[in-house]
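Here the structure is laid out as structure tokens; the discussion comes afterwards.
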Amino acid sequence: MHIFFKLPRPMDRPIESQFAILPILYRQPAGPAGRLNSAHPKAYVTTLYHNVALCDHCMDRIKGVWFRCVYCAKDLCDVCENLNPHAHDRTHFFYVFKAPVDMQVFRIVAELDNLEGSLPVLKYPVYYS
């Protein structure tokens, strides 16, 4: 299984790591269960509901694709991310969840219990401006 990144433009520095950047966070693989609807291959995400993820813009539970910033603890639903894709820091980018997330693992990875906030998933910038 893999996590998707939303990279809005070519990077100034490539993403490189000897190890996995994130552990396996999905409870099941991304994609539709059963047969793929070739006319609407992304239709399965409309039924996806992240019951503990809250969009930092509209403050609703995230339904569909969940965007989380790689560098800061910013969570957006697909509607809010599409409203103004340049509203977030231009040097940041998002990882994208397209399947149910194992929140016990995510709580540890995202350091949700850390009173000082989450540390960046990626320790170096890929965009300089």
>> Just to be sure I understand the filter: pairs with C-beta atoms under 7 Å, separated by 6 or more residues or on different chains, first member in segment 31-47 and over 13 Å from Lys63 (Cα atoms), second member surrounded by fewer than 10 Cβ atoms within 10 Å (Cβ to Cβ) and modelled with pLDDT of 70 or more. Which pairs pass?
In response: none
> So, in segment 71-101, of the ones that are surrounded by 15 or more Cβ atoms within 10 Å (Cβ to Cβ) and of a type in the set (D, E, K, R), which residue ends up nearest to Phe4 (Cα to Cα)?
Replying inline: Lys98
>> I'd like the residue in segment 58-70 that is more than 11 Å from the chain's Cα centre (by Cα) and assigned to a loop (DSSP other than H, G, I, E, B) and, out of all such residues, is surrounded by the most Cβ atoms within 10 Å (Cβ to Cβ).
In response: Gly64
> Here are some conditions: (1) without any contact (Cβ under 8 Å) to a residue 40 or more places away in the chain; (2) farther than 24 Å from Arg13 by Cα; (3) among the hydrophobic types (A, V, I, L, M, F, W, C); (4) assigned to a loop (DSSP other than H, G, I, E, B). Val79 meets all but one. Which one does it not meet?
Replying inline: (4)
>> Filter segment 102-129 down to the residues that are within 29 Å of Pro32 (Cα to Cα), of a type outside the set (A, V, I, L, M, F, W, C) and open to solvent by 60 Å² or more (accessible area, probe 1.4 Å) and list them by number.
In response: Gln104, Arg107
> If we scan segment 92-99, do we find a residue that is basic (Lys, Arg) and assigned to a strand (DSSP E or B)?
Replying inline: no
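The values are calculated or read from the model by the stated rules, or taken from the named source; none is laboratory data. Since the model is a prediction, treat every value here as computed from it, not as a measurement. Cβ coordinates were reconstructed from backbone atoms using ideal geometry, including for glycine residues, and neighbour counts include every protein chain displayed. For accessibility, only protein heavy atoms count, side chains too; no ligands or nucleic acids. Shrake-Rupley method; radii C 1.70, N 1.55, O 1.52, S 1.80 Å.
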